[in-house]
Amino acid sequence: MLRCTLLVCGRGVVRLLASSFCSESSALPPNLLLPTNLVDPSRSKRPPPPADCPLPLLRSCDAVVPAHLSAVQTWVETLEARGSEPLGWAQLHPDVFAVAPRLDILHEVETWQKNFKRISHANTKIRSEVRGGGRKPWNQKGSGRARHGSIRSPIWKGGGVSNGPRGPTSYFYMLPMKLRVQGLKVALSSKLAQDDLHIVDSVNISSPDPQDLLHLIREKLWGESVLIVDVGEEFPENILQATASLKTVNIIPAIGLNVHSMLKHEAVVLTLESVRFLEEKLLWHDQRYTPLYPYKLPYSDLP
Amino acid sequence: MAALRTAHPAVLRGALRLYIRAPGPPASAVGLRCVSDAAPQDQTGVPSESTEEYKFVERLVPPSRVPAPPPRAGPSPSGWTPPADAPPPLAYTVRRSRMHNIPVYTDTTHGSRRTTLVRKVEGDIWALERDVKQHLKEVMGTEPPTQVNEVTMTLKVKGHVDSELKEWLVSKGF
């Protein structure tokens, strides 16, 4: 999949590729012209932070990590500076960011998100609703024609529809809460496993220009579309202005995180605060009681 | 007639006391206090608010999380055994349920079809299946058919073998 445009000359790419394979006999002819927007995945992917990383640990897991699992480690980057060096590294809880890739759960949750809001307004008239057709068109016997009781029966032209769509139909249904929560966990884990999840210290950027943000994203090789997730009701003005006019870069609050948006955008960018918020909320479902009364009412230790 | 006219007023009053009530609140309002009964310093024009007694409401609101069981060594009087401190050195793990129990469940369908389900398996589920089959062969004598579901990471065994599997998993330290 073509990720981003790297403005490298086609022949330069050939020389680079040939030099990287210089131990084996290179099968690429020197006068080969390759498309300019090829990205070398071995150069664009950064390996995960090693155990003896010199950069600081910016966040460790608040919740207890099970003894047989270990926390996932990722780089923490910044949106302000243009350099693509990370600020530090962070630990993520394995029960949120390293669950099994249940594609069936992702499919179920995505289908639910698409369909539960659907109200189909298709409606057809049945024979009793079509105008007219109350009188028997001709006598039962004697006319020589087929026997009919009404001119609006479904076998007549202009008659009612016998089994058509009837009125506004709702396709509303709710999946179990734990299934929807598992869908979010699976989506986050899949994004992290495919190197599409990026952690950022905060959502402050240096300028409100959308093109600057696009250059930053292209430089960091994040992909075509980016979903930025932050906690809080207020966002800085710069990021709001920058993303307002962009179609492929969007910012949402952490309570608005959903599987469809995560699948629609190629890269998902979380701030450290939103990681803390998501872990707290998603891990609570693993150790909660079944509700005595709806969770909208007060409990003593809701997250 | 002459006796009534010459009756002493005090005797009359004593006799009528049963029928004439002293002025005051009714007998049903024995424990109630009126604002007028309050001490002069408590009587103010504006009623004051205090949230000190809300603690009596707060302690009634239930918790939403299952608490961790108190630490103990060995089985409790009800038979519950805590998991081992260190995870056992096997290729698979069976996590505890949210109520800290072993996730082995039985089911009966079609009236006579008995199955046992082991849920919440992580790691190499085929190794668990081999070990389960071997253990059940030792305990029951026969190797019951099993079904591994790699997507949901569950193991289904034919027959009701939940007590054997629970004991075996607890002995492993899960």
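Where a number appears in this text, it was derived from the coordinates with a stated rule and is not lab data. All of these numbers come straight from a predicted model, not from anything done at the bench. Because the Cβ atoms are built from the backbone with ideal geometry, glycine has one as well, and the counts that use them run over all protein chains shown.
Under the simplified labelling scheme, the B:Asp37-A:Glu280 pair shows an inter-label distance of 4.9 nm, with each label point 7 Å from Cα along Cα→Cβ. Between A:Pro137, A:Pro50, A:Pro86, the Gaussian network model of chain A with springs among Cα atoms under 10 angstrom shows the greatest mean-square fluctuation at A:Pro137. Partner aspartates and glutamates whose Cα lies under 20 Å from the Cα of B:Lys133, excluding those fewer than 8 positions away in the same chain, are identified as B:Asp107, B:Glu122, B:Asp124, B:Glu143, B:Glu150, B:Asp162, B:Glu164, B:Glu167. Among A:Asp95, A:Asp52, A:Asp286, the residue with the largest mean-square fluctuation in a Gaussian network model of chain A, with springs joining Cα atoms closer than 10 Å, is A:Asp52. Placing R0 at 45 angstrom, the Cβ-Cβ distance between A:Leu32 and A:His68 gives a FRET efficiency of 0.35 after rounding to 0.05.
Length gained on full extension, A:Ser245 to A:Leu103: 47.8 nm, using 0.36 nm per residue less the C-alpha separation.
Expressed as a fraction of 2.2 N^0.38 Å, the C-alpha radius of gyration for the protein assembly as shown is 1.63. Residue by residue, segment A:49-61 carries 3J(HN,Hα) couplings of x, x, 5, 9, 5, x, 6, x, 7, 8, 7, 10, 5 Hz when phi is fed to the Karplus relation 6.51 cos²θ - 1.76 cosθ + 1.60 (θ = phi - 60°); x denotes Gly or Pro. Its Cα gyration tensor gives chain B an equivalent ellipsoid; the semi-axes, largest first and in whole Å, are 79, 24, 15. Inter-part distance, segment A:264-303 to segment A:169-188, computed on C-alpha centroids, equals 14 Å.
Comparing Cα centroids, segment A:62-99 and segment B:66-97 end up 29 angstrom apart. Taking 19 Å as the straight-line reach from the Cα of A:Lys247, the aspartates and glutamates in range (excluding those fewer than 8 positions away in the same chain) are A:Asp196, A:Asp209, A:Asp212, A:Glu219, A:Glu224, A:Asp230, A:Glu237, A:Glu266.
The alpha carbon convex hull volume per residue for segment A:114-183 rounds to 112 Å³.
When you work out D = kT/(6 pi eta Rh) for segment A:163-219 at 37 °C and 0.692 mPa s, using the Kirkwood radius from C-alpha pairs as Rh and the Stokes-Einstein form, the result is 204 µm²/s.
With R₀ set to 35 Å, the beta-carbon distance separating A:Glu224 from B:Asn149 gives a calculated FRET efficiency near 0.45. Rounded to 0.05, the FRET efficiency of the A:Leu292 and A:Trp156 pair, given R0 = 60 Å and the Cβ-Cβ distance, is 0.50. Calculated over segment A:143-254, the projected area of the Cα convex hull averaged across directions stands at 14.4 nm². The length gained by stretching the chain between A:Lys264 and A:Phe116 to full extension, at 0.36 nm per residue less their Cα-Cα distance, is 51.5 nm. Entry for segment A:73-159 at q = 0.19, 0.25 Å⁻¹: log10 I(q)/I(0) = -0.95, -1.16, Debye formula applied to identical alpha-carbon scatterers, no solvent contribution.
The shape of segment A:46-111 comes out oblate: with a ≥ b ≥ c from the C-alpha gyration tensor, a/c is at least 1.5 while a/b does not beat b/c.
Bridging of A:Lys136 to lysines at a Cα separation below 27 Å is possible for A:Lys125, A:Lys157, once same-chain residues fewer than 8 apart are set aside.
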